[in-house]
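Peer 1: Here it is, the structure, as structure tokens.
What follows draws every value from the coordinates through simple rules; no lab data is involved. As the structure is a prediction and not an experimental result, all values here were calculated from the model. Here the Cβ positions follow ideal geometry from the backbone for every residue, glycine too, while neighbour counts run over all protein chains shown.
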Amino acid sequence: MWRGTVAATDTHPKEIDDLNILFLCTGNSCRSILAEATFNHLAPAGWKAMSAGSQPTGKVHPRALALLAREGIATDGLRSKSRENVPLVPDVVITVCSNAAGETCPAYFGQGVRAYWGVDDPAHATGSDEEIEAAFTTAYRILRHRIEAFIALPLAQLEHDRSQLKVELDRIGTLSE
């Protein structure tokens, strides 16, 4: 299924050494950016996350960048971009929009395995600075928890079973902080 190869190492009998993930949302200014940067920070070498939006805002939200910096996650090169400008073909596409908030989730018509990991958009949070910051922190924690669960999956075993991989990704999409 993956374009990459499965390699044997001393610590893991079979590992996926090349995997491309696309985090997709509407504006590509907060959630998908948080997911892209966090995934790239945590993932093994050779795994690459990208993000895009169906209606990109054209800028990354400053609070998202500040949160990532506080977490020690690199922000160089992060930018809001359209799904038409994704540089690599993704193996997995994860939509992070929030159906509960009435958002229309963008569609992706490529061949990657698709999953929905709905997260409320902190860019639309209102209230005091502390309440808005809490919304960003909550979105980040949810995404990080899900990304950690994704990375822990036995992907070498799931590589040829797309339906089971989808089941696992959907299960991960229900995890909270």
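Peer 1: In deg cm²/dmol, rounded to 500, what helix-only [θ] at 222 nm does the chain give when every DSSP H run of at least 4 residues adds -39500 (n - 2.57) and the total is split over its residues?
Peer 2: Dividing the helical sum by the residues of the chain leaves -10500 deg cm²/dmol.
Peer 1: Cross-link partners among aspartates and glutamates for LYS81, C-alpha distance below 14 Å, same-chain residues fewer than 8 apart left out?
Peer 2: Reachable aspartates and glutamates: GLU36.
Peer 1: Using the crude model of +1 on Lys and Arg Cβ and -1 on Asp and Glu Cβ, and no other charge, please compute the dipole size for segment 18-172 relative to its Cα centre, in debye to 20.
Peer 2: Details: 15 positive and 18 negative charges, 51 e Å.
Computed charge dipole of segment 18-172: roughly 240 debye.
Peer 1: Limiting things to C-alpha atoms, what are the Rg and the maximum Cα-Cα separation (Dmax) for the chain, in angstroms?
Peer 2: In Å, with Rg to one decimal and Dmax whole: 15.7, 51.
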